[in-house]
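Down below is the structure, laid out as structure tokens.
Bear in mind these aren't lab numbers, they're just calculated from the coordinates by the rules spelled out. This structure is a prediction, so every number in the text was calculated from the model and none was measured. Counting neighbours? That spans all protein chains shown, and the Cβs are built from the backbone with ideal geometry, glycine included.
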């Protein structure tokens, strides 16, 4: 699995009125993240909704954020359904344990490609063969903690902070190419509520931000949610192959040659 997360162990100075982090708090950051990941990995199914923002840096240096809504349904070990919407695009993804289907709702185009039979392997295949890098899918892999911390350099714990009125543990992590922060809900249901990834080696250090507004680990998900039915008039086209990373800042959808 491509490691798009990054975890830290060290000392950071927290400014803007917040209390300074202590070096002996790094184990707490790792514990909170591990608990959150294990809680999610143990769930046989889950769904979430949220909003994501990607920053684009213009030639002038100005940063512009573009936002989308996202909904994700996962049924382990091999089913996924995701919808991404913005004012300019609507893209939906279905994985049923055999194939990946992508629908461009605005242009009524869809494409299908065979995939391996496990979600982890399918996500790797989609990334490597088609350049597909879906947001939030790191939450769906079989071992989110291992995937997140594989290239960790340092971690820091900043205590409790609110996210949309929910008290959360604020954690900060870094690796060679990116820094990232994550906010984990306090209490017996350690949901990840927010995370920010900073691409520090890219010009202007653009950020990706995700705010997860709703989690559901109790409502069963029907298998029908993962089956694609072509809309009326939809045209099927070949899934276009992209080099890995080609769609880093925008999710892949069917495209005409």
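If you consider only alpha-carbon coordinates, what radius of gyration and Dmax does region 87-135 have, in Å?
11.2, 34
What is the projected area of the convex hull of the Cα atoms of region 8-236, averaged over all directions, in nm²?
Hull-based average projected area comes out at 13.9 nm².
Given points 7 Å out from each Cα along the Cα-Cβ axis, report the residue 217 to residue 35 separation in nanometres with one decimal.
Going by the 7 Å Cα→Cβ label model, 1.2 nm.
Can you list, bin by bin at 10 Å, the percent of alpha carbon pairs in region 108-153, starting at 0?
P(r) for region 108-153, in whole percents per bin: 23, 50, 22, 5, 0.
Stokes-Einstein diffusion coefficient for region 110-244 at 20 °C in a medium of 1.002 mPa s, Rh from the Kirkwood formula over Cα pairs: what value in µm²/s?
Answer from the Stokes-Einstein relation: 121 µm²/s.
Could you state the number of Å between the C-alpha centres of region 173-214 and region 91-122?
26
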